[in-house]
Amino acid sequence: GKYVVLEYERHYDDVDESHWAYQAIRAMSAKHILQGVSAESFDPAGTLTRAQLVTLVVRAAGLKPQGSASGAFEDVPDDAWFADAVGAAYAAGLVQGKTATSFAPDDPVSREEAAVILVRTLILVTGWTPPAEGDGFLDEEQINDWALEAVKQAQAAGLLRGRGDGTFDPGAFMTRAEGAQLIKNLLDILSSMG
(Lines give C-alpha, C1' and ligand atoms only; values in the text may rest on other atoms or scores of the structure.)
Protein backbone atom coordinates (compact mmCIF):
# COMPACT_ATOMS: atom_id res chain seq x y z
CA GLY A 1 0.00 0.00 0.00
CA LYS A 2 0.86 3.64 -0.21
CA TYR A 3 1.30 5.87 2.80
CA VAL A 4 0.69 9.57 2.83
CA VAL A 5 2.07 11.97 5.42
CA LEU A 6 -0.73 14.29 6.40
CA GLU A 7 0.04 17.76 7.65
CA TYR A 8 -2.47 20.43 8.44
CA GLU A 9 -2.42 24.05 9.45
CA ARG A 10 -3.51 24.64 13.02
CA HIS A 11 -4.10 28.13 14.33
CA TYR A 12 -4.69 28.86 18.00
CA ASP A 13 -6.32 32.05 19.23
CA ASP A 14 -3.77 32.35 22.06
CA VAL A 15 -0.62 31.90 19.92
CA ASP A 16 -0.10 34.60 17.31
CA GLU A 17 2.87 35.06 15.00
CA SER A 18 4.67 37.26 17.52
CA HIS A 19 4.86 34.48 20.14
CA TRP A 20 8.43 33.20 20.57
CA ALA A 21 7.32 29.56 20.13
CA TYR A 22 4.88 30.19 17.27
CA GLN A 23 6.90 28.27 14.67
CA ALA A 24 7.49 25.29 16.97
CA ILE A 25 3.84 25.07 18.01
CA ARG A 26 2.69 25.38 14.42
CA ALA A 27 5.18 22.77 13.13
CA MET A 28 4.48 20.23 15.87
CA SER A 29 0.72 20.66 15.48
CA ALA A 30 1.03 20.12 11.73
CA LYS A 31 2.87 16.84 12.35
CA HIS A 32 0.16 15.71 14.82
CA ILE A 33 2.75 15.47 17.60
CA LEU A 34 0.96 17.93 19.85
CA GLN A 35 -2.42 19.49 20.08
CA GLY A 36 -4.15 22.29 21.86
CA VAL A 37 -6.19 22.12 25.01
CA SER A 38 -9.17 22.82 22.73
CA ALA A 39 -9.73 23.45 19.04
CA GLU A 40 -9.07 27.17 19.53
CA SER A 41 -6.62 27.30 22.43
CA PHE A 42 -3.09 25.99 22.96
CA ASP A 43 -2.42 27.44 26.44
CA PRO A 44 1.28 28.16 25.74
CA ALA A 45 1.99 29.33 29.30
CA GLY A 46 0.26 26.31 30.82
CA THR A 47 2.33 23.81 32.76
CA LEU A 48 3.58 20.71 30.94
CA THR A 49 3.01 17.51 32.90
CA ARG A 50 5.19 14.43 33.05
CA ALA A 51 2.58 12.45 31.11
CA GLN A 52 2.33 15.13 28.43
CA LEU A 53 6.10 15.37 27.90
CA VAL A 54 6.50 11.60 27.74
CA THR A 55 3.67 11.37 25.21
CA LEU A 56 5.32 14.04 23.03
CA VAL A 57 8.71 12.32 23.23
CA VAL A 58 7.27 8.90 22.36
CA ARG A 59 5.42 10.35 19.34
CA ALA A 60 8.49 12.25 18.15
CA ALA A 61 10.78 9.22 18.54
CA GLY A 62 8.28 6.85 16.95
CA LEU A 63 8.34 4.43 19.88
CA LYS A 64 5.70 1.72 19.87
CA PRO A 65 3.75 0.56 22.91
CA GLN A 66 5.60 -2.16 24.81
CA GLY A 67 2.79 -3.31 27.06
CA SER A 68 1.16 -1.59 29.94
CA ALA A 69 2.88 0.64 32.45
CA SER A 70 0.22 -0.22 35.02
CA GLY A 71 2.30 -3.17 36.17
CA ALA A 72 5.16 -0.82 36.96
CA PHE A 73 3.22 2.20 38.23
CA GLU A 74 0.09 2.13 40.35
CA ASP A 75 -0.93 5.59 39.11
CA VAL A 76 -0.92 4.67 35.39
CA PRO A 77 -4.15 2.78 34.75
CA ASP A 78 -4.43 0.78 31.54
CA ASP A 79 -7.20 3.01 30.22
CA ALA A 80 -5.37 6.32 30.80
CA TRP A 81 -4.71 8.35 27.64
CA PHE A 82 -0.98 8.34 28.45
CA ALA A 83 -0.65 4.66 29.45
CA ASP A 84 0.83 3.41 26.16
CA ALA A 85 3.32 6.29 25.98
CA VAL A 86 4.47 5.85 29.57
CA GLY A 87 4.77 2.11 29.01
CA ALA A 88 6.85 2.61 25.85
CA ALA A 89 9.08 5.22 27.48
CA TYR A 90 9.56 3.13 30.60
CA ALA A 91 10.39 -0.02 28.60
CA ALA A 92 12.92 1.96 26.56
CA GLY A 93 14.59 3.34 29.69
CA LEU A 94 13.65 6.95 28.99
CA VAL A 95 11.77 7.51 32.24
CA GLN A 96 11.60 6.25 35.76
CA GLY A 97 8.99 6.75 38.41
CA LYS A 98 8.97 9.36 41.13
CA THR A 99 8.96 6.36 43.48
CA ALA A 100 9.22 2.63 42.92
CA THR A 101 5.48 2.37 42.25
CA SER A 102 4.43 5.90 41.25
CA PHE A 103 5.01 7.72 37.95
CA ALA A 104 3.19 10.93 39.00
CA PRO A 105 1.77 11.59 35.51
CA ASP A 106 0.01 14.83 36.48
CA ASP A 107 3.02 16.39 38.19
CA PRO A 108 4.61 19.32 36.35
CA VAL A 109 7.87 18.39 34.64
CA SER A 110 10.89 20.46 35.62
CA ARG A 111 13.49 21.77 33.21
CA GLU A 112 16.12 19.37 34.55
CA GLU A 113 13.73 16.39 34.27
CA ALA A 114 12.98 17.38 30.68
CA ALA A 115 16.71 17.56 29.89
CA VAL A 116 17.24 14.02 31.19
CA ILE A 117 14.31 12.59 29.21
CA LEU A 118 15.29 14.36 25.98
CA VAL A 119 18.95 13.34 26.18
CA ARG A 120 18.01 9.71 26.86
CA THR A 121 15.70 9.85 23.84
CA LEU A 122 18.39 11.32 21.60
CA ILE A 123 20.87 8.63 22.65
CA LEU A 124 18.30 5.85 22.17
CA VAL A 125 17.25 6.95 18.69
CA THR A 126 20.65 7.97 17.29
CA GLY A 127 23.22 6.06 19.33
CA TRP A 128 25.07 9.37 19.71
CA THR A 129 25.95 10.57 23.20
CA PRO A 130 26.34 14.35 23.24
CA PRO A 131 29.36 15.67 25.12
CA ALA A 132 28.72 17.13 28.56
CA GLU A 133 30.54 20.36 27.82
CA GLY A 134 29.95 23.97 27.00
CA ASP A 135 29.40 27.15 28.90
CA GLY A 136 28.33 26.60 32.47
CA PHE A 137 25.22 28.13 33.97
CA LEU A 138 25.33 30.72 36.74
CA ASP A 139 23.05 28.52 38.84
CA GLU A 140 24.76 25.22 38.03
CA GLU A 141 25.08 24.39 41.74
CA GLN A 142 21.27 24.26 41.88
CA ILE A 143 21.07 21.48 39.26
CA ASN A 144 20.64 18.10 40.95
CA ASP A 145 23.54 15.66 40.59
CA TRP A 146 21.33 13.13 38.76
CA ALA A 147 20.54 15.74 36.08
CA LEU A 148 23.76 17.76 35.73
CA GLU A 149 25.40 15.70 32.97
CA ALA A 150 22.14 15.53 30.98
CA VAL A 151 21.62 19.30 31.29
CA LYS A 152 25.12 19.89 29.90
CA GLN A 153 24.52 17.33 27.14
CA ALA A 154 21.16 18.91 26.26
CA GLN A 155 22.84 22.30 25.97
CA ALA A 156 25.71 20.94 23.85
CA ALA A 157 23.31 19.11 21.52
CA GLY A 158 21.05 22.14 21.11
CA LEU A 159 18.04 20.49 22.74
CA LEU A 160 17.60 22.94 25.59
CA ARG A 161 19.03 26.33 26.34
CA GLY A 162 19.39 28.33 29.49
CA ARG A 163 17.55 31.51 30.36
CA GLY A 164 18.66 34.81 28.87
CA ASP A 165 20.36 35.80 32.12
CA GLY A 166 22.86 32.92 32.04
CA THR A 167 20.93 30.66 34.40
CA PHE A 168 19.35 27.29 33.67
CA ASP A 169 16.56 27.47 36.26
CA PRO A 170 16.53 23.68 36.76
CA GLY A 171 13.55 23.44 39.09
CA ALA A 172 11.25 25.66 37.03
CA PHE A 173 8.31 23.89 35.50
CA MET A 174 8.22 23.55 31.73
CA THR A 175 5.47 25.37 29.88
CA ARG A 176 3.54 23.89 26.99
CA ALA A 177 5.29 26.34 24.64
CA GLU A 178 8.71 25.23 25.91
CA GLY A 179 7.66 21.60 25.39
CA ALA A 180 6.76 22.33 21.78
CA GLN A 181 10.15 23.96 21.24
CA LEU A 182 11.96 21.03 22.90
CA ILE A 183 10.29 18.49 20.65
CA LYS A 184 10.96 20.61 17.56
CA ASN A 185 14.63 20.84 18.59
CA LEU A 186 14.75 17.05 19.03
CA LEU A 187 13.18 16.42 15.61
CA ASP A 188 15.51 18.95 13.94
CA ILE A 189 18.53 17.14 15.39
CA LEU A 190 17.17 13.73 14.38
CA SER A 191 16.51 14.88 10.81
CA SER A 192 19.95 16.44 10.51
CA MET A 193 21.56 13.17 11.58
CA GLY A 194 19.57 11.08 9.40
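Between Glu40 and Trp128, full extension at 0.36 nm per residue minus the direct alpha carbon distance yields a gain of 27.8 nm. With the gyration tensor restricted to C-alpha atoms of the chain, the semi-axes of the equivalent ellipsoid amount to 24, 22, 18 Å, longest first. Based on protein heavy atoms only, segment 42-85 ends up with 46 Å² per residue of surface accessible to a 1.4 Å probe.
Heavy-atom accessible area, probed at 1.4 angstrom with all protein chains present, ranks Asp13, Asp165 as Asp13, Asp165, highest first. Could you identify which residue out of Leu138, Leu53, Leu63 has the top mean-square fluctuation in a GNM of the chain using Cα springs shorter than 10 Å? Most flexible of the set in this elastic network: Leu138. In the full protein context, segment 126-194 carries 51 Å² of accessible surface per residue, based on a 1.4 Å probe and ignoring ligands, DNA and RNA. Rounded to the nearest 10 Å², what accessible area does Lys98 show when all protein chains are kept and the probe is 1.4 Å? So the heavy atoms of Lys98 present about 100 Å² to solvent.
Qualifying GluC sites (Glu not before Pro) in segment 64-159, where qualification requires a DSSP coil assignment and no more than 12 other C-beta atoms within 10 Å, comprise Glu133.
Computed from backbone phi with θ = phi - 60° and the Karplus coefficients 6.51, -1.76 and 1.60, the 3J(HN,Hα) list for segment 76-90 is 10, x, 4, 8, 6, 4, 9, 4, 5, 5, 5, x, 5, 5, 5 Hz; x is used for glycine and proline. For segment 28-161, a simple Cβ point-charge model (Lys and Arg +1, Asp and Glu -1, everything else neutral) yields a dipole of about 560 debye relative to the Cα centre. Surface composition of the chain: carbon plus sulfur atoms contribute 48% of the solvent-accessible area (1.4 Å probe, protein chains only, all chains present). Above 17 angstrom, tally the Cα pairs of segment 119-169 and express them as a % of all pairs, no decimals. Of all Cα-Cα distances in segment 119-169, 30 percent exceed 17 Å. Spin-label model, Asp135/Asp107: points 7 Å from Cα along the beta carbon direction are separated by 3.2 nm. Is the C-alpha gyration tensor of segment 155-194 telling us rounded, prolate or oblate? Criteria: a/c under 1.5 is rounded; beyond that, a/b larger than b/c is prolate, otherwise oblate. It is oblate, given that a/c is not under 1.5 and a/b is not larger than b/c.
Once you have a ≥ b ≥ c as the square roots of the Cα gyration tensor eigenvalues for segment 55-136, tell me rounded if a/c is under 1.5, and otherwise prolate or oblate according to whether a/b is larger than b/c. Judged from the Cα gyration tensor, segment 55-136 comes out prolate (a/c at least 1.5, a/b above b/c). Selection among Ala83, Phe173, Leu138 by position relative to the dipole of the chain gives Ala83 as farthest towards the positive end (Cβ unit charges, Cα centre).
Which of the chymotrypsin sites (Phe, Trp or Tyr not before Pro) found in segment 85-167 are in a DSSP loop and have at most 11 neighbouring Cβ atoms, other than their own, within 10 Å?
Here the chymotrypsin sites (Phe, Trp or Tyr not before Pro) that fit, given the DSSP loop and packing criteria, are Trp128.
The values are calculated or read from the model by the stated rules, or taken from the named source; none is laboratory data. Keep in mind it's a predicted model, so treat the numbers as computed, not measured. As a convention, Cβ positions derive from the backbone with ideal geometry for all residues, glycine included, and neighbour counts pool all protein chains shown. Calculation scope for accessible area: heavy atoms of the full protein, side chains included, ligands and nucleic acids excluded. Shrake-Rupley method; radii C 1.70, N 1.55, O 1.52, S 1.80 Å.
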